[in-house]
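Since the structure comes first, as structure tokens, the remarks are kept for the end.
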Amino acid sequence: MATKMAFQHQAGTAMECLSIPITLHKEKDYDQEGREILKCGFKIGGGIDQDYKKSPQGYTDYGIYVTEVHDNSPAARAGLRIHDKILQCNGYDFTMVTHKKAVSYIRKNPILNMLVARKGVTST
């Protein structure tokens with residue numbers, strides 16, 4: 001079930017948009033030292049501690065955005081897309097979070113239940 005959320009998050013204002021639920025199951029892999037790691041296959045940008053005006057993607061707020069999705073990755077298979085704005089991850093609010101905190105939270109969980117806003121998507 002999709003919930004209406006604001007895409008360009010400005011406190012107190014709303015825009016038509018749906019939040020899209022995405023469940024991502026990380027894959028086991030091994031680093032160069034042979035240690036087991038969990039890979040998700042995407043990168044993020046943004047955060048309340050970043051200057052969005054310097055964003056090469058042209059984002060217009062302090063949200064956490066997907067900046068890269070690797071082909072054939074868990075993120076790609078889950079339906080995550082470049083420029084998706086992560087609103088929530090496992091119930092944790094990502095609309096007012098630092099970049100470092102968002103990365104840390106994504107890394108520590110083997111399954112990511114996310115709500116994302118996708119520009120231009122207002123209905124299912």
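The values are calculated or read from the model by the stated rules, or taken from the named source; none is laboratory data. Computed from a predicted model, the values in this text were never measured in an experiment. Quick reminder, even Gly has a Cβ in these numbers, built from the backbone with ideal geometry, and neighbours come from all protein chains shown. Accessible surface areas use protein heavy atoms only, side chains included; no ligands, DNA or RNA. Shrake-Rupley method; radii C 1.70, N 1.55, O 1.52, S 1.80 Å.
Some notes on this structure:
- For the range 53-60, the count of residues that are of a type outside the set (V, I, T), surrounded by fewer than 16 Cβ atoms within 10 Å (Cβ to Cβ), touching a residue at least 24 places away in the same chain (Cβ under 8 Å) and over 12 Å from D84 (Cβ atoms) is zero.
- Hits in the range 36-60 (condition: over 26 Å from P74 (Cα atoms) and either under 15 Å from the mean Cα position of the chain (by Cα) or modelled with pLDDT of 95 or more (or both)): I48
- Candidates V103, V121, V116, filtered to the one that is out of contact with any helix residue (DSSP H, G or I) (no Cβ under 8 Å at 6 or more places or on another chain), modelled with pLDDT under 95 and either among the hydrophobic types (A, V, I, L, M, F, W, C) or buried (at least 21 other Cβ atoms within 10 Å of the Cβ) (or both): V121
- Subset of the range 61-80 that is of a type in the set (S, T, Y) and closer than 20 Å to K100 by Cα - its residue that is surrounded by the most Cβ atoms within 10 Å (Cβ to Cβ): Y65
- Test: residue in the range 4-21 that is at pLDDT below 90, among the aliphatic types (A, V, I, L, M), crowded, with 19+ Cβ neighbours inside 10 Å and in a loop (DSSP other than H, G, I, E, B): yes
- In the set (1) more than 18 Å from A117 (Cα to Cα); (2) open to solvent by less than 10 Å² (accessible area, probe 1.4 Å), F94 fails one condition alone, (1).
- For the range 31-79, residues that are at negative phi and either hydroxyl-bearing (S, T, Y) or out of contact with any Lys or Arg (no Cβ under 8 Å at 6 or more places or on another chain) (or both) total 30.
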